[in-house]
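Engineer: Once you've had a glance at the structure underneath, I'll fire off some questions.
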Ligand code: SF4
């Protein structure tokens, strides 16, 4: 029987124009290359974060140049600076407002562990209040270190089971 | 010389004003209730038109009077400084008059002093904490407050319930951390004073934190 429907089945005319892949690979590829940061600049480390965004280091090479000051539009929170106990609940609230999927980078000694501020006013690591994916050492870390962290995060995002996570959420 | 002339002039305003030991600019002690008239005289009659700093002093838990308020003034005409100190009467809840009516700049300085030392300023227009959160129960720059702090709830109840996080007293790990003086930079790195105790080896009992 000859069918008039040519859309189903093999069509030699579109050969080469079709790529077969896994949904995970496609979704992760899209996600890794446009991680929009939420710049949570709280202290001196934020200056290096700005340098990472400026022309010399150019975070745009990794698709993360769109610093969104609106949490609804951002994918990764970069906590750059000293998290005081006064600020910590606010950081968490902003993190909660970010749409999933979301990630967090703790940039610098202060955000990772409290740094040199072993004192009554400073939270001893932002991971006590939000889940952190990548920690960056340094006081402050150089912009290259932040870019390295971003690449590490991209590797991590690239291995996620995004499709099944979509159904889970 | 300036100090003697100033002292004589200020004693005209408040007779108990006396000279205060000072390594730099002229400094005076005055009774708390004449603090504002003395400051006003310095501002209006002696050209000290700028308030450089308003701060406080905890003289130690044992001492009485325990708290002192300090005002640092600058004359922008003669470029000379002066310092006025007044002891607070109460050692637990010290009270002091506010200088905001003389210099609006005193507002935030006095708020900081209230926040960290617990000195209450009378007639202050907006005496709230400026650095710590409003519900914080302690005054951290008092001498009996440990550097590590005390355990406390987070000020945001919702976040506190969600994360289970508290304000903890900071791990001191043999600290405080001090830089040694040395010719070599790598030896000047800040180190804990007593490295024998840390997260793995607990601090020996009965040893006071220096
Ligand atoms: S890690 Fe260092 S540079 Fe970064 S916020 Fe803390 S003190 Fe500043």
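Engineer: What average number of partner chain Cβ atoms lie no more than 10 Å from the Cβ of the residues making up A:118-129?
Structural biologist: Counting Cβ atoms of other protein chains within 10 Å of each residue's Cβ and averaging gives 6.
Engineer: Another one. Under 10 Å, Cα contacts only: if you run a Gaussian network model on chain A, which one of A:97, A:154, A:124 comes out with the highest mean-square fluctuation?
Structural biologist: A:97
Engineer: Restricting to Cα pairs below 8 Å that are 6+ residues apart, what does the relative contact order work out to for segment B:146-210? Please round to a whole percent.
Structural biologist: Value for segment B:146-210: 24 percent.
Engineer: Here's another thing I want to ask about it. Per-residue mean of other chain beta-carbon atoms within 10 angstrom of the beta-carbon, peptide A:84-93?
Structural biologist: Across A:84-93, the average partner-chain Cβ count within 10 Å equals 6.
Engineer: Using only Cα atoms and rounding to the nearest 10 degrees, what angle (0 to 90) does helix A:23-32 make with the longest principal axis of chain A?
Structural biologist: 40 degrees
Engineer: Taking only C-alpha pairs under 8 Å that are 6+ residues apart, what is the relative contact order of chain B in percent?
Structural biologist: Value for chain B: 11 percent.
Engineer: Using a Förster distance of 35 angstrom, determine the FRET efficiency expected from the C-beta separation of residue A:144 and residue B:23, and round it to 0.05.
Structural biologist: Computed FRET efficiency for residue A:144 and residue B:23 comes out at 0.15.
Engineer: Computed over the Cα atoms, what is the radius of gyration of segment B:146-210 divided by 2.2 N^0.38 Å, N being its residue count?
Structural biologist: Computed over Cα atoms of segment B:146-210, the ratio equals 1.52.
Engineer: Next question. What angle do you read, to the nearest 10 degrees and between 0 and 90, between the alpha-carbon axis of helix A:88-97 and the longest principal axis of chain A?
Structural biologist: Between helix and principal axis, roughly 10 degrees.
Engineer: What shape does segment B:80-132 take by its C-alpha gyration tensor, where a ≥ b ≥ c are the square roots of the eigenvalues and a/c under 1.5 counts as rounded, a/b above b/c as prolate, and the rest as oblate?
Structural biologist: oblate
Engineer: Hey, another quick one. Show me B:186-193, A:37-44, B:5-12 ranked by packing, highest mean number of other Cβ atoms within 10 Å first.
Structural biologist: A:37-44, B:5-12, B:186-193
Engineer: Classify segment A:29-93 from the C-alpha gyration tensor, please: rounded if a/c falls under 1.5, else prolate or oblate depending on whether a/b exceeds b/c.
Structural biologist: oblate
Engineer: A further question on this structure: Pulled fully out, how much extra length does the chain show between residue B:91 and residue B:199, if you take 0.36 nm times their separation in residues and subtract their Cα-Cα distance?
Structural biologist: That pair, residue B:91 and residue B:199, stretches by 35.2 nm at full extension.
Engineer: Sticking with this one: Please give the direction-averaged projected area of the C-alpha convex hull for the protein assembly as shown, in square nanometres with one decimal.
Structural biologist: 31.0 nm²
Engineer: Let me ask something additional. Using a Förster radius of 22 Å, what is the FRET efficiency between residue A:72 and residue A:34 based on their Cβ-Cβ separation? Nearest 0.05, please.
Structural biologist: 0.90
Engineer: Can I ask one more? By how many nm would the segment from residue B:192 to residue B:166 grow when fully extended, if each residue of separation counts as 0.36 nm and the alpha-carbon distance is taken off?
Structural biologist: Residue separation times 0.36 nm, minus the Cα-Cα distance, leaves 6.8 nm.
Engineer: Note the angle between two axes, namely the Cα long axis of helix B:2-13 and the longest principal axis of the Cα atoms of chain B, as a number of degrees from 0 to 90, rounded to the nearest 10.
Structural biologist: Here the helix axis deviates by roughly 80 degrees.
Engineer: Specify the residue with the greatest mean-square fluctuation among B:124, B:46, B:79, computed from a Gaussian network of chain B linking alpha-carbon atoms under 10 Å apart.
Structural biologist: It is B:79.
Engineer: Here is a follow-up. When you have a sec, figure out the Kirkwood radius of chain B from all distinct Cα pair distances and drop it here in Å to one decimal?
Structural biologist: 20.1 Å
Engineer: Specify the residue with the greatest mean-square fluctuation among A:119, A:21, A:34, computed from a Gaussian network of chain A linking alpha-carbon atoms under 10 Å apart.
Structural biologist: Most flexible of the set in this elastic network: A:21.
Engineer: Right, something else. Which of the three applies to segment A:25-152, rounded, prolate or oblate, going by the alpha-carbon gyration tensor with a ≥ b ≥ c and a/c under 1.5 meaning rounded?
Structural biologist: oblate
Engineer: 222 nm [θ] for chain A, helices only, -39500 (n - 2.57) per DSSP H run of 4+, per residue, to 500?
Structural biologist: -10000 deg cm²/dmol
Engineer: May I ask you to list the residues of segment B:81-112 whose amide nitrogen lies under 11 Å from a point 7 Å from Cα along the Cα→beta-carbon direction of residue B:126?
Structural biologist: B:107-108
Any read-out appearing in this document is the output of simple, stated calculations on the displayed coordinates, not a laboratory observation. Given the structure is predicted, the values throughout are model-derived calculations rather than measurements. Here Cβ is always computed from backbone atoms with ideal geometry, including for glycine, and neighbour counts include all displayed protein chains.
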